[in-house]
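Chemist: Below are the structure tokens for one structure; questions will follow.
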Amino acid sequence: MTRDKNSMSRGTLLLAAAMIAVLSIPLAAAPKAAPGAGSQNLDAVSAQLARHVRHELLMLPFYSVFDNLQFSLEGADTVVLSGQVVRPTLKSGAGNVVRRVEGITKVINNIEVLPLSGFDDRLRAATYRAIFSQPALDRYALQPIPPIHIIVKNGNVTLIGVVASAMDKNLAGIIANTVPNVFSVKNELTVEGRS
């Protein structure tokens, strides 16, 4: 009986972690349609297409806390990818998986590949340790893809993603500002349930 309870608890935790990980990439805005019965159908198709694209991006093998993948839908069949990645292969991989999504005929890949820099790599690691070692924020590190993404470019840190409260957002920004050798910190975290 306890084994079944433990299995259910682990399964529930994994499901919860997967749902939170899905929130780490913002949902693309559905394209606007003319009012009427057809617009509801277009919205449903666009929402389903957006979920499928988001899923494919989240499943990329080297997608990590140091990458930021975003997308938007233009029209019914065009996806525009944006964000920043550390590896060039992640940029091409994102374009390739989205191209294979049924219903997508065109992919515009505007993902920026961050410059190679040992200095930036050290700042990424230091910022990661500083943020996720805090007792108030360590729960975010337990997820397969933590919802706080740390983007470092030329010594400048940008925090992107979704957190549970304004306190978590502010704390992450304050902690990132204490990391030695960081030139600037831009806190673009959003609070769950707010725009």
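The values are calculated or read from the model by the stated rules, or taken from the named source; none is laboratory data. Remember, it's a predicted structure, so these values are computed and weren't measured experimentally. Using ideal geometry, Cβ is built from the backbone for each residue, glycine included, and neighbour counts are taken over all protein chains shown.
Chemist: Just to be sure before I move on: is Lys169 within 19 Å of the chain's Cα centre (by Cα), among the basic types (Lys, Arg) and under 24 Å from Phe62 (Cα atoms) in the structure I sent?
Modeler: When the stated conditions are applied, Lys169 does not pass them.
Chemist: If Leu123 satisfies all but one of (1) in the same structural domain as Leu159 (by TED's automatic domain parsing); (2) buried (at least 20 other Cβ atoms within 10 Å of the Cβ); (3) free of Cβ contacts under 8 Å to residues at least 40 places away in the same chain, what's the number of the condition it fails?
Modeler: Of the numbered conditions (1) in the same structural domain as Leu159 (by TED's automatic domain parsing); (2) buried (at least 20 other Cβ atoms within 10 Å of the Cβ); (3) free of Cβ contacts under 8 Å to residues at least 40 places away in the same chain, the odd one out for Leu123 is (3).
Chemist: Of the numbered conditions (1) in contact (Cβ under 8 Å) with a residue 24 or more places away in the chain; (2) on the phi < 0 side of the Ramachandran plot; (3) surrounded by 15 or more Cβ atoms within 10 Å (Cβ to Cβ), Gly83 satisfies every one except a single condition; which is it?
Modeler: Looking at each condition in turn, Gly83 falls short on (2).
Chemist: Could you tell me whether Val97 is at pLDDT 95 or above and in a helix (DSSP H, G or I)?
Modeler: Answer is yes for this residue.
Chemist: Of all residues in segment 50-75, how many are among the aromatic types (Phe, Trp, Tyr) and either at positive phi or in a strand (DSSP E or B) (or both)?
Modeler: Result for segment 50-75: 1.
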